[in-house]
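The values are calculated or read from the model by the stated rules, or taken from the named source; none is laboratory data. Since we're looking at a predicted model, the values are computed, not measured. A quick note on method: Cβ atoms are made from the backbone with ideal geometry, for glycine too, and the neighbour counts reach across all protein chains shown.
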Amino acid sequence: MTIRKEVKRQRYFKIQTYLGLTSILSVILLPLLTYFGDFQPITQPLVTMAFFLVTIMEINSYSYRLKNTYILKRNIGKEYSFTNRENEIAIQIIKGDSYKKISKNMFISYGTVRKHASNIFIKSNVSNKEDFVKKFKG
């Protein structure tokens, strides 16, 4: 129920879900059509459609990441040896998002965000969120 509410709120995830389900359905239909007879005029476009939908999913995912990436003047992730997840959270902290919002955006618990934030602060030698934002916002 919670996942369904989150998917409804975010258009990107809704599009990804529909594209994924449609492509999976297309691939599932192939053995059924082959079992019941030779439906080549149907199976070939079905396979093409499945690959096309997966391509659309990748393009949608790439454009979403481009649109939602915060550009920093320096690469703090490499500089302070952040993990990929810590880097994603650090970028959102710098943007000014609350831990609650970050947890909703990333579909992880509030406590997990706090733990990652704590690790980020330790690695970057700051004591709290405000100091971290001051240090890296540029």
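Quick grid of which residues meet (1) surrounded by 15 or more Cβ atoms within 10 Å (Cβ to Cβ); (2) more than 20 Å from residue 106 (Cα to Cα); (3) charged (D, E, K, R):
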{"site": "11", "(1), (2), (3)": "no, no, yes"}
{"site": "16", "(1), (2), (3)": "yes, no, no"}
{"site": "20", "(1), (2), (3)": "no, no, no"}
{"site": "23", "(1), (2), (3)": "yes, yes, no"}
{"site": "28", "(1), (2), (3)": "no, yes, no"}
{"site": "34", "(1), (2), (3)": "no, yes, no"}
{"site": "41", "(1), (2), (3)": "no, yes, no"}
{"site": "46", "(1), (2), (3)": "yes, yes, no"}
{"site": "55", "(1), (2), (3)": "no, yes, no"}
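So, of the residues in region 66-114 that are modelled with pLDDT of 85 or more, surrounded by 13 or more Cβ atoms within 10 Å (Cβ to Cβ) and of a type in the set (Gly, Ala, Ser), which turns out to be farthest from residue 133 (Cα to Cα)? Within region 66-114, the match that is farthest from residue 133 (Cα to Cα) is 103.
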